[in-house]
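The values are calculated or read from the model by the stated rules, or taken from the named source; none is laboratory data. As the structure is a prediction and not an experimental result, all values here were calculated from the model. We place every Cβ from the backbone using ideal geometry, glycine too, and count neighbours over all the protein chains shown.
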Amino acid sequence: MTPLKSPSSALLTDLYELTMAAAYFERRLDCRATFELFIRSLPPERGYLVAAGIDAAVDYLEDLRFTERDIRFLREHPAFRTISSGFFKYLRTFRFSGEVSAVEEGSLIFAEEPVLQVTAPVIEAQVVETYLLSLINFETLVASKAARIVGAARGRRVLEFGSRRAHGPEAGVRAARAAYVGGCDATSNVMAGCLFSIPIAGTAAHSWTQVFPSERESFEALLETFPETAILLIDTYDPMAAAEIAVSLGRPVPGVRIDSGDLLDISRRVREILDRRGASATKIVASGDLNEDKIESLVQRGAPIDSFGVGTDLSTSRDAPALNVVYKLVETERGGLVDYKAKFSPDKIGWPGRKQVFRFLRQGKMDFDLIARASETHPEGEPLLRRVMENGRRVAPHRALAEVRAAAMANLMRLPKAYRALRTAPEYPVRKSTALQELLDKAREQLAAGPRGSTTS
């Protein structure tokens, strides 16, 4: 069996990106193009999103290459049968040479706001679409879910346990990274810990307990092996009986985990046993199909739980598993003349021209955002899009993931509490500038009078 592994990232794309690239080449369409990546609308019960995946997107663009194996595969594919050898020669030297502006990872974003803006020769700007959409869609989705869960926990630790339910091993690593950006304290994914310096945490499985002749022996063995960090899984059989065993071992127990049943009732009874037997320092970890709604309920009802382990609902964002994220052409430039592009399909209007998003604060809290033309200045607002690549090279430094996480938490505190509600949050105000509206109107007039979907200014 051939392993599902590509020698490069160049083929991690949709076929039509590459057939369009070939057609651009054959027709000698050598304009520079600007595309913007944004989310059309927020998913249900989402008052905000946490931008993630930006740093990985820059790495992808900087390293993008077509290998000889990639080129050979494309040359032999029926879709490219009529394409000249010049295109494949071009692919051998292909590099992304464009400019990229983006919001910082950990920024809060809203519908229609550009998250990433790519300006490059049209072939380069086109072929990266699929990868960028996939990457930013997934990491933003999970980071946003994590922020909701962490908010619901109200200061209690949240551990990301979702790798085994993620949509593939690689997705598990990306989910762990994004969850940390969104505020989780640690992950069970060892590779994520290695790559991104995320704290890693774990307990033991029910199989550990079952392998031993008795529950007591399994607990003793784990504590002898990991005396400072062992978390005893106490619901393999009877959690209350297991708690009694744990406190009778004659040694400190760092923590116990409950993975099933009525977590409110069991945690209360276990806490009573621990406290009564002098183990008040022992922490209680809860897991088992948790999400923000269940955690909020447990916290509000006073469950004595110190940490929550969240898996499936976090790594898959089960209630909202995809974002309506798009990558749209907004302008082209030939010989110094800019042609502004707009789309007027029903419910899918695309605003023309390069843009900037300005964020306005009132008394230190976010008040509203303004989507404007890139040429506009609004000194009282904070511009969110910043240059991260020039001439195909990174110009924004790598930020430590802990710094990104801290920025995300600070940004959430700047968002008024009403917009952070888990349910029925009001819509955060995002406005369009007068100049941008005028450009759209001009594009609409041009559509009626001339070339489709374009205008010059």
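Quick one: is S218 polar (S, T, N, Q), at pLDDT 95 or above and touching a Phe, Trp or Tyr at 6+ places or on another chain (Cβ under 7 Å)? Before you say what the answer is, go through the steps one by one.
On the way: polar (S, T, N, Q): yes; at pLDDT 95 or above: yes; touching a Phe, Trp or Tyr at 6+ places or on another chain (Cβ under 7 Å): yes.
Spelling it out, S218 is indeed polar (S, T, N, Q), at pLDDT 95 or above and touching a Phe, Trp or Tyr at 6+ places or on another chain (Cβ under 7 Å).
From the list L116, L91, the one residue that fits, being surrounded by 18 or more Cβ atoms within 10 Å (Cβ to Cβ), more than 15 Å from R394 (Cα to Cα) and not polar (S, T, N, Q), is L91. Among the residues of region 23-80, the one identified as over 30 Å from R148 (Cα atoms), modelled with pLDDT under 95 and surrounded by 15 or more Cβ atoms within 10 Å (Cβ to Cβ) is L29. Apart from one condition, F344 fits all of (1) under 31 Å from the mean Cα position of the chain (by Cα); (2) under 30 Å from A179 (Cα atoms); the exception is (2).
Considering T225, T229, T203, T236, which residue is crowded, with 17+ Cβ neighbours inside 10 Å, among the β-branched types (V, I, T) and over 20 Å from E272 (Cα atoms)? Even if it seems obvious, please write down each step before you answer.
Working: T225 fails: crowded, with 17+ Cβ neighbours inside 10 Å; T229 fails: crowded, with 17+ Cβ neighbours inside 10 Å; T236 fails: over 20 Å from E272 (Cα atoms).
Sole residue among the options that is crowded, with 17+ Cβ neighbours inside 10 Å, among the β-branched types (V, I, T) and over 20 Å from E272 (Cα atoms): T203.
The residue that is farthest from A448 (Cα to Cα), among those in region 312-350 that are part of a loop (DSSP other than H, G, I, E, B) and in contact with a strand residue (DSSP E or B) (Cβ under 7 Å, 6 or more places away or on another chain), is L323. Checking each residue in region 133-151 for being crowded, with 24+ Cβ neighbours inside 10 Å and over 10 Å from the mean Cα position of the chain (by Cα) picks out A147, R148, I149, V150. In region 134-154, the condition of being assigned to a loop (DSSP other than H, G, I, E, B) and of a type outside the set (A, V, I, L, M) is met by at least one residue. For region 297-324, a tally of residues being crowded, with 20+ Cβ neighbours inside 10 Å and under 22 Å from E17 (Cβ atoms) returns 1. A single member of L361, L447, L401 is of a type outside the set (F, W, Y), under 18 Å from K328 (Cβ atoms) and not assigned by TED's automatic domain parsing to the domain that holds A179, and it is L447. For region 149-161, how many residues meet the condition of being out of contact with any Phe, Trp or Tyr (no Cβ under 8 Å at 6 or more places or on another chain) and either farther than 22 Å from L42 by Cβ or in the same structural domain as Y419 (by TED's automatic domain parsing) (or both)? The qualifying residues number 3. Among the residues of region 364-384, is there at least one that is under 20 Å from the mean Cα position of the chain (by Cα) and at pLDDT 95 or above? Yes - at least one qualifying residue is present in region 364-384.
Which count do you get for residues in region 262-285 that are touching a helix residue (DSSP H, G or I) at 6+ places or on another chain (Cβ under 7 Å) and without any contact (Cβ under 8 Å) to a residue 40 or more places away in the chain? First the steps, then the outcome.
Quick first cut of region 262-285, residues touching a helix residue (DSSP H, G or I) at 6+ places or on another chain (Cβ under 7 Å) only: 263-264, 266, 269-270, 273-274, 277, 279-280, 282, 284.
Within this subset, residues satisfying the condition of being without any contact (Cβ under 8 Å) to a residue 40 or more places away in the chain are 264, 266, 269-270, 273-274, 277, 279-280, 282, 284.
Number of matching residues: 11.
The residues on offer are A33, A51, and the sole one that is more than 29 Å from L337 (Cα to Cα) and among the hydrophobic types (A, V, I, L, M, F, W, C) is A51.
Restricted to region 152-178, and to residues there that are more than 15 Å from V404 (Cβ to Cβ) and of a type in the set (A, V, I, L, M), the residue that is surrounded by the fewest Cβ atoms within 10 Å (Cβ to Cβ) is A171.
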